[in-house]
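Below you'll find the structure, written out as structure tokens, and then a few comments.
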Amino acid sequence: MRDALLQRGQSHDGDMATDARPEEIKRLVAPTHPTAVVLVGERFGTVRLHYDNSIIEITTFRSERYNPESRKPEVCFGDSLEDDLARRDFTINALARDPLSERIIDLYNGRQDLEDHVLRAVGAEPDKRFDEDPLRLLRAVRFAAQLNFEIEAETRAAIERQASKLQKISRERIRDEMNKLLLSPYPARGLDLLVELGLMEYIIPEVMELRGVSMRSLGMRSTKDVYAHVLRVVERSSPDLSKRWGALLHDIAKPRTRSIEDNKVHFFGHEDVGAYMARDILKRLHFDREFIQNVSLMVKLHMRANAYTSDWTDGAVRRLMLDSGDVLPDLLDLSRADITSYRVDKVNRAVARVQELAERCQHLREEAERVPLKSPLDGNDLMALFERGPGPWLRPIKDYLLGLVIDGVLASDDKEEATRIARQWLDEHEQAAK
């Protein structure tokens, strides 16, 4: 109903509510011949109907109780639409339309709040709405970021009072809301609200440390705050989960690595420390292993991508491609987003630099498809050369020779030179081990 009134695109899906229980809903809809009937957690009372080009969800009226000891709301079936709407979170979500008469039921002035772009808790006591389910604290901010709405003053004050109750919510539910917020049209607005309302302290407290950390050298009039910079990078990054999380966390270690030498501010090693911090943050939010690895790798490599200049050798570009692997497109997106200067000429030069790097990567990728990069000597060649069997001695030599090929020092078909280098390398390392 909310999205229909906001005219947020056309949808073939629908949400309906009824006093019928799930088993009765299934019986009543059988004559419509849905292609599939799915119970969306039967205790929540939602039946999802699949048709050829649409999905309809029918939910039994609910009245919700909140157990302070539980990490999830308790849901009980209700018998009236009025009770169902009374337990909704915000007035813009407490709207209904009678499918027969088309009459809109608006008990809490939700239409007016939609027109005014205001997010307001249902009822006269907003604290009760957040007592029922503290995840609504985060949902309020997410809706503000998605719709670019203002949070009404009393609702906002209640969120600030109740912020600590986020600790009772499961990490998975918080993660899912954060994902929706980051993919919203106004992610920086949402993140800033989380900080202002005291919610971020219970989600990613490390973000709070970014505020007030200057990136400018001492004595300079203008200051460049790490926190403000990160918000701009998030806003400039592509609306993709790994890209947005990489943007949020790429400078997360700057407060912990900040140092001053000769009146200049440095953040030595912040990308390495940041990769560990990113991994820890994403683990706490229960992301899967692949996602954690990809985002932490973006954080680790973002300074290398930002350091690219035209005089890089093909070998240096190949090294970046090899180290980043499948994350390379996300890394280049982060490098583009990381250009937050207000000087147009500086931005244009930086954008051109990233574009050049992307084009060189593409050229080298196509070249590698024609002539794959490989060491002139494989494992069998090396074992025959040194008359040794397989063992841990083999991998370092193979990696060293492949590295020389990647760097353009050794041709992939030059077995003679590879043999000389392999003999010298093994002799030197065995002498050093004695």
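Values computed for the structure shown
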read-out: Criterion (touching a residue at least 60 places away in the same chain (Cβ under 8 Å), closer than 30 Å to Ile260 by Cβ and either of a type outside the set (Gly, Ala, Ser) or not in a loop (DSSP other than H, G, I, E, B) (or both)) met by exactly one of Glu172, Glu206; value: Glu206
read-out: Selection count where residues are modelled with pLDDT under 65 and either surrounded by fewer than 16 Cβ atoms within 10 Å (Cβ to Cβ) or in a loop (DSSP other than H, G, I, E, B) (or both), scope the range 59-78; value: 10
read-out: Single residue of the range 124-153 satisfying the filter (under 19 Å from the mean Cα position of the chain (by Cα) and of a type in the set (Lys, Arg)) that is surrounded by the fewest Cβ atoms within 10 Å (Cβ to Cβ); value: Arg139
read-out: Residue within the range 304-327 that is outside any helix (DSSP H, G or I), within 19 Å of the chain's Cα centre (by Cα) and surrounded by 15 or more Cβ atoms within 10 Å (Cβ to Cβ) present; value: no
read-out: Residue check for Ala30: loosely packed, with under 11 Cβ neighbours inside 10 Å, at pLDDT 60 or above and either within 23 Å of Leu107 (Cα to Cα) or in contact with a strand residue (DSSP E or B) (Cβ under 7 Å, 6 or more places away or on another chain) (or both); value: no
read-out: Top-ranked residue of the range 235-257 - restricted to ones that are touching a helix residue (DSSP H, G or I) at 6+ places or on another chain (Cβ under 6 Å), assigned to a loop (DSSP other than H, G, I, E, B) and not polar (S, T, N, Q), ranked as surrounded by the most Cβ atoms within 10 Å (Cβ to Cβ); value: His250
read-out: Qualifying residues in the range 357-396 (those that are part of a loop (DSSP other than H, G, I, E, B) and in contact with a helix residue (DSSP H, G or I) (Cβ under 6 Å, 6 or more places away or on another chain)) - the one surrounded by the most Cβ atoms within 10 Å (Cβ to Cβ); value: Ser375
read-out: Subset of the range 103-128 (residues that are touching a Leu at 6+ places or on another chain (Cβ under 6 Å) and not in a loop (DSSP other than H, G, I, E, B)); value: Asp106, Gly110, Leu114
read-out: Out of Leu193, Leu199, Leu241, sole residue that is of a type in the set (A, V, I, L, M, F, W, C), within 12 Å of the chain's Cα centre (by Cα) and on the phi < 0 side of the Ramachandran plot; value: Leu241
read-out: Any chance Arg289 is charged (D, E, K, R), over 26 Å from Arg189 (Cβ atoms) and crowded, with 18+ Cβ neighbours inside 10 Å; value: no
read-out: Filter result (part of a helix (DSSP H, G or I) and polar (S, T, N, Q)) within the range 79-102; value: Thr91, Asn93
read-out: Output for the range 211-228, where each listed residue is in a loop (DSSP other than H, G, I, E, B) and modelled with pLDDT of 70 or more; value: Arg211, Gly212, Val213, Met215, Arg216, Lys224
read-out: Inter-residue pairs, beta-carbon under 6 Å, first under 16 Å from Leu331 (Cα atoms) and in the range 352-372, second part of a helix (DSSP H, G or I) and of a type in the set (Val, Ile, Thr), 6+ apart; value: Arg360/Val317
read-out: Some residue of the range 86-96 being of a type in the set (Asp, Glu) and without any contact (Cβ under 8 Å) to a residue 24 or more places away in the chain; value: no
read-out: Cross-chain or 6+ apart pairs with Cβ under 6 Å, the range 15-37 first and closer than 17 Å to Cys76 by Cβ, then surrounded by fewer than 14 Cβ atoms within 10 Å (Cβ to Cβ); value: Asp19/Asp79; Pro22/Glu42
read-out: Checklist (1) out of contact with any Phe, Trp or Tyr (no Cβ under 7 Å at 6 or more places or on another chain); (2) touching a residue at least 40 places away in the same chain (Cβ under 8 Å) applied to Val273, failing item; value: (2)
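The values are calculated or read from the model by the stated rules, or taken from the named source; none is laboratory data. Since the model is a prediction, treat every value here as computed from it, not as a measurement. A quick note on method: Cβ atoms are made from the backbone with ideal geometry, for glycine too, and the neighbour counts reach across all protein chains shown.
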